[in-house]
1. How far apart, in nm, are the 7 Å Cα→Cβ label points at SER56 and GLU82?
2. Hey, what's the chain come to in accessible area per residue, 1.4 Å probe, Å²?
3. Run the 1.4 Å probe and let me know the accessible area of ARG117, rounded to the nearest 10 Å².
4. Roughly how much of ILE52 is accessible, in Å² to the nearest 10, using a 1.4 Å probe?
5. Per q in 0.15, 0.20, 0.25 1/Å, what log10 I(q)/I(0) does a Debye calculation on the alpha-carbon atoms of the range 37-107 return?
6. Any chance you could look up the accessible area of THR126 with a 1.4 Å probe, heavy atoms only, rounded to 10 Å²?
7. How big is the gap, in Å, between the Cα center of the range 1-68 and the Cα center of the range 122-156?
8. Once amide H atoms are placed 1.01 Å from N in the peptide plane, what residues at a sequence separation of 5 or more from THR110, or on another chain, have their amide H within under 5 Å of its amide H?
Amino acid sequence: MNAFEFFNRNFGRCLNAAPPGNRPHMDAWRALSMQHPMQDKKPTRLMSGWAIVRPSGTVMQQRLAVDGIDYDERRRADAFGEELDAWDGGPRIFLVFDKSPVPIANLFMTLDLRAVRICSPGGVETFDYTRPADPKDAGLGRFRRELEKRRQRLAA
């Protein structure tokens, strides 16, 4: 199964009003770029927060008025860090939403803690979560830096 099929099966199906077609990349693009009904608000795109797509379903921060998604208000570093710390070996997609939609070219599965992929509108950050890093290292990406600060905070 590729990243698009995994995304659609475990998250996109909740977001797309239309039945899935035979082009999974287009179904994923539609889910990431269209407007969705919000709880107590007018429809909007996925513009803030985060989501973790799992084989068992999706958990996300932004509250949509759709069925089949669990909601969680934790900060992304805490949500992503707890997911990685409790890794069961199954595939995940870690998404960060911003004003621009996440392009489907930035949609990747994480299959191993040695190659964690955080997908955002600005790109994909890949790192080895099995090896601690110095959060003061200027070469660290922003998501890895957040996760390392969390790891140090919990160790203290």
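1. Roughly 1.3 nm, to one decimal.
2. Solvent-accessible surface per residue comes out at 53 Å².
3. It works out to around 60 Å².
4. Ignoring ligands and nucleic acids, ILE52 comes out at about 0 Å².
5. One equal scatterer on each Cα of the range 37-107 leads to -0.51, -0.90, -1.29.
6. Accessible surface of THR126 is approximately 80 Å².
7. 27 Å
8. Here ARG92, ILE93, PHE94, ARG117 satisfy the definition.
The values are calculated or read from the model by the stated rules, or taken from the named source; none is laboratory data. All figures in this text were calculated on a predicted structure; none of them were measured in a lab. Note: ideal-geometry Cβ built from the backbone for every residue, glycine included; neighbour counts use all protein chains shown. The area values use the complete protein model at the heavy-atom level, side chains included, leaving out ligands, DNA and RNA. Shrake-Rupley method; radii C 1.70, N 1.55, O 1.52, S 1.80 Å.
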